[in-house]
1. Give me the number: length gained by fully extending Arg264 to Ala285, i.e. 0.36 nm times residue separation minus the C-alpha to C-alpha distance, one decimal in nm.
2. Would you please give the FRET efficiency between Ile67 and Ala147, computed as 1/(1 + (r/R0)^6) with r the Cβ-Cβ distance and R0 = 51 Å, to the nearest 0.05?
3. What net charge do the residues around Tyr255 carry, taking every other residue with its C-beta under 14 Å from that of Tyr255, with Lys and Arg at +1 and Asp and Glu at -1?
4. Rounded to the nearest Å, what's the spacing between the alpha carbon centres of region 221-287 and region 122-140? Just the number, please.
5. Just to be sure I understand: with springs between alpha-carbon atoms less than 10 Å apart, which residue in Pro236, Pro186, Pro128 has the highest mean-square fluctuation in the Gaussian network model of the chain?
6. Of Met52, Met287, Met107, which has the largest mean-square fluctuation in a 10 Å C-alpha GNM of the chain?
7. Based on the Cβ-Cβ distance of Thr189 and Ile77, what FRET efficiency does E = 1/(1 + (r/R0)^6) give at R0 = 22 Å, to the nearest 0.05?
8. According to a simple spin-label model (label point 7 Å from Cα along Cα-to-Cβ), what is the distance in nm between Leu198 and Val238?
Amino acid sequence: MRPHRPSRRHVLAAALALTAIRQAQAAGWPEKPVRLIIPFGAGGSVDVVGRMLAEKMGPQIGQSLIIDNRPGGATTIGAQAAARSVPDGSTLFYGTPATQIINPLLMPNLPYDPDKDLLPTGSVMRAPNLLLVHPSLGVTDIPGLIALAKTRPGELTFASGSTGSTNHLAGELLNSMAGIRLQHVPFRTFGAYSAELLAGRVQMCFGTISDMLALSANGALVRVAVTGARRSPLLPEVPTVAETLPGYEATAYNYIAVPAGTPRPLVMAINAAFNRALSDPEIIARMTATGLEPLGADSPEQAADTILAERRRWRGVIQAAGIRLED
C-alpha cells in the first residue's frame, strides 16, 4: 500500500501557516489566547463572519482566537471594552459602520474616542441591502417607486431596525438622490418590522440580502433593487439602485481594529493574518452565499481612509435628513 502524500495545496497551506506563526512570534504577539470582541450577540450575521475568520486565523498565529460577544449601545459597549484593553495584540475588535462611522455623527458623548482609541487594521467585507416593497404599491422597480413617491410626498413609509442603522440610511440616501420623501419608521427588532411589512402597514424596507431573501421567498413581497455598487450574484435579475441613480451605494463596511498603541509590527501581523483568512476559498464561498462581499488584501491605512470617507459621505445624508437618535 502506497503511503499517502500530502497534496501540493496542503503543503503550501502548511508553509503559509508556519510563516504566519513565525511572523506573529517575531512581532512579539503575546503567548496567550487572543480575543476578538464582537459588539453584537451570538448568532447574527456579524457574529457568524467573525467566527469564520477566527476559525481560519487561529492556526495561522499558532494560538487560540476566542470570540467575546459584547452587544449593546449601538456597538459602544464592545468598542469601549476594546479601547480600554492592553494594546499588546491580545485584543482585536470587529468593527461595523456604527463604531467609527455613524456613532460619531449621532452621539456627542461617546465612551471612546472614535479617532484616537481604536486603530483599524484591515477590511473584512461590505454587506449590501435588498429593497423589498409590498405588492399593494404596484411598484416593481426604482423608477416606478420614485415616480409614485413624487405624487405622494411623505406618505410612503419604509421600516428599519433602528435610527441611524445602515438600512435606515439607505432609505435616506434614496430620498436625497431621488428628490423624494419616504417616511422612516424605526422598529426595535427584525421580527417586528417584517411583520408590519408583510401586513402592508409599512410599504417597504431595506435589509441585509440574506434576511430579505428569506422574507420574500414565497413571493409575498417584491424584490425591487440591491444597494451595492454592482448586482448581487445571488440575485442577478435584480438591478442595483445605481442603475437608476448613478453613484448610489449603501453598504455596511466591516473591518478589524485593535486598541490604539498596538505596536506597528503586531498591527501588520494581524493585517496579514486576516488577509490570509479572507483569501480562503471556503470563507469566500460562505460569505458570498449569504450576499456579502468579501474585501481584505488592503493595508491599515487604506482601512482607516475608508472609514473617514464613509463618515464624510454619511454625514451629508444625516444632516440633510435631520436624523437624531430620538427620532
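1. Details: separation 21, 0.36 × 21 = 7.56 nm, distance 3.13 nm.
Stretched fully, the Arg264-Ala285 segment lengthens by 4.4 nm.
2. Values: r = 47 Å, r/R0 = 0.92.
With a Förster radius of 51 Å, E is 0.65.
3. Working: positive: Arg126, Arg311; negative: Glu293, Asp298, Glu301, Asp305, Glu310.
My count for the surroundings of Tyr255 gives -3.
4. If you average the Cα positions of each part, the centres end up 15 Å apart.
5. Its mean-square fluctuation being the largest, the pick is Pro236.
6. Met107
7. Working: r = 18 Å, r/R0 = 0.84.
Working from the Cβ atoms, E equals 0.75.
8. Taking the two extended label points, one gets 1.7 nm.
Read-outs: derived from the displayed coordinates by stated rules, not from any lab. Predicted model, so just to flag it, every value in this text is computed and none were measured. Cβ sites come from the backbone with ideal geometry, for glycine too, and all protein chains shown count toward neighbours.
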